[in-house]
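The values are calculated or read from the model by the stated rules, or taken from the named source; none is laboratory data. Just so we're clear, the structure is a prediction, and the values are computed from it rather than from any experiment. Methodologically, a virtual Cβ is constructed for each residue, glycine included, from the backbone with ideal geometry; neighbour enumeration extends over all protein chains shown.
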Amino acid sequence: MLKVIAGSWALLLGMGLLMVGNGLQGTLMGVRGAIEGFSTFELSLVTSAYFLGFLGGSRVTPHIIRRVGHVRVFAFLGSLISAVLILYPVATIPWAWIVLRVLIGFCLSGVYITAESWLNNTTTNETRGQTLSAYMIVQMMGVVAAQGILTLADPAGYILFIIPSVLVSLSFAPILLSIQPTPAFEATRSLGLRELFRVSPLGMVGMLLMGGVFAGQFGMASVYATEAGLSVPQISAFIAAIFLGAMVLQYPIGWLSDRMDRRLLILGVAGLGAAVSAVGIFMGGVFWVLVGVAFLNGGLGQPLYSLLIAYTNDYLAPEDMAGGSAGLLFVNGVGAIAGPLAIGWMLSAFGPAGFWMFMTAIMAAVSLYAAWRMTRRPSAYAAEEDYEAVSYAPITPTASPVAVEAAQELYVEAAEELAAEAQEAEGGDGRGVP
């Protein structure tokens, strides 16, 4: 790991600073919006706008990069992000924030794609897994650190908008001054959504639903916390707990994923997440209980993202894995756009408890659907004795398609190794794809 950090420290530092800036502005939107008198519905539109822009950027940016190159795209998008962050406190009306959030979502998606392309270009087959782990940790630490900055100034002023603008600007320096060569950018053959659903209904449905959960955690958690009457330091601790939980529990869940039927693990993790979220409905008024619920909600919810990708790969041929990730990311993005709108409605209808009602309902739906799917066909590993041979790559919902495709390369390598081992041991054609 130290060797990986030594070789990629500039890129990791830049992405860490970028995540601090993005994490701070994401939380600040809910707090400042409430100060400006935005309704929960208006704030849900603002949050959805970010994920709409992010989804659009993930599909458009690769084409722009191929036309004008990584460096120009990176510099342009970075400048635009800094400008948008400064404009938030100037244009404090809902429709302006919606437009700005679409822009910043688009730009951040493009920046992630560009930076992750450089990061992926620095790895080898031997270090890719460690690099992804280091990148995931840096992302989560950035979001957690951002919550501490929220307490340093008045959210009603300008300083908290200037800080992320400065951090984002500074994040480009170590990346652009890095000696890493500009990577080639290749198009990935996509797998149709209908075909992907036929191959893995649970993967598709689960990613759609979990998109709403992540959007709630990243964008609407501060809106909920403000509605619940939390102070700014309490909001900071609450949101930090969500991402700290995701960072801590990602690896234990990944370890289990390699050693048991993934559908059973999805069922259990989502079911436990639903039970924990239900506690928030009834005990949300007790702050330290709320922090514990947030920790487990993030710790159980966000690893499901990696788990669902890994499960879908169990049913894909190696050559289809990268294309399959594009479909999964798309439906996850659709869920992320719809999720804040649903949460906004539930907050308006049921008050602060509506946030946890949404989380409970979505995670329960994932768990129940996983249980139903277990009755429809046998596990991909029903005949597999060595579960440790099956790889799990940690990846966060904030990652761009580039990072997800890098994770897919790990799955491809593991699948090919399994097939070669099976062919050598049995003289057959390998494991095959159900």
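Keeping to the stretch 91-115, report how many residues are modelled with pLDDT of 90 or more and over 24 Å from the mean Cα position of the chain (by Cα).
Residues flagged as modelled with pLDDT of 90 or more and over 24 Å from the mean Cα position of the chain (by Cα) within the stretch 91-115 amount to 4.
Just give me the residues in the stretch 40-62 being over 15 Å from the mean Cα position of the chain (by Cα), of a type outside the set (F, W, Y) and closer than 23 Å to A228 by Cα, in sequence order.
Hits for the stretch 40-62 are T40, E42, L43, S44, L45, V46.
Please state which one of W97, W118 is more than 21 Å from G37 (Cβ to Cβ), of a type in the set (F, W, Y), assigned to a helix (DSSP H, G or I) and in contact (Cβ under 8 Å) with a residue 24 or more places away in the chain. Spell out the reasoning first.
Details: W97 fails: more than 21 Å from G37 (Cβ to Cβ).
Exactly one of W97, W118 is more than 21 Å from G37 (Cβ to Cβ), of a type in the set (F, W, Y), assigned to a helix (DSSP H, G or I) and in contact (Cβ under 8 Å) with a residue 24 or more places away in the chain, namely W118.
Report yes if F243 is under 19 Å from the mean Cα position of the chain (by Cα), more than 16 Å from G206 (Cβ to Cβ) and of a type in the set (F, W, Y), otherwise no. Talk me through it step by step, then tell me what you get.
Details: under 19 Å from the mean Cα position of the chain (by Cα): yes; more than 16 Å from G206 (Cβ to Cβ): yes; of a type in the set (F, W, Y): yes.
So F243 fits the description; yes.
Look through the stretch 28-71, keep the residues that are at pLDDT below 90 and of a type in the set (V, I, T), and return whichever of them is surrounded by the most Cβ atoms within 10 Å (Cβ to Cβ).
The qualifying residue surrounded by the most Cβ atoms within 10 Å (Cβ to Cβ) is T61.
Of the residues S277, S236, S222, only one is under 29 Å from T375 (Cβ atoms), among the polar types (S, T, N, Q) and in a helix (DSSP H, G or I); which?
S277
If I ask for residues that are crowded, with 24+ Cβ neighbours inside 10 Å and part of a helix (DSSP H, G or I), which ones from the stretch 291-305 would you list?
Those that are crowded, with 24+ Cβ neighbours inside 10 Å and part of a helix (DSSP H, G or I): V293, A294, N297, G298, G299, L300, G301, P303, L304, Y305.
All but one of (1) buried (at least 24 other Cβ atoms within 10 Å of the Cβ); (2) touching a Phe, Trp or Tyr at 6+ places or on another chain (Cβ under 9 Å); (3) hydrophobic (A, V, I, L, M, F, W, C) hold for F282; which doesn't?
F282 satisfies every listed condition except (1).
From G324, G339, grab the single residue that is buried (at least 24 other Cβ atoms within 10 Å of the Cβ) and modelled with pLDDT under 85.
Details: G339 fails: modelled with pLDDT under 85.
Of G324, G339, the one residue that is buried (at least 24 other Cβ atoms within 10 Å of the Cβ) and modelled with pLDDT under 85 is G324.
Taking the criterion of being surrounded by 21 or more Cβ atoms within 10 Å (Cβ to Cβ), touching a Gly at 6+ places or on another chain (Cβ under 7 Å), at pLDDT below 90 and under 20 Å from I395 (Cα atoms), would at least one residue in the stretch 212-233 satisfy it?
Within the stretch 212-233, one or more residues are surrounded by 21 or more Cβ atoms within 10 Å (Cβ to Cβ), touching a Gly at 6+ places or on another chain (Cβ under 7 Å), at pLDDT below 90 and under 20 Å from I395 (Cα atoms).
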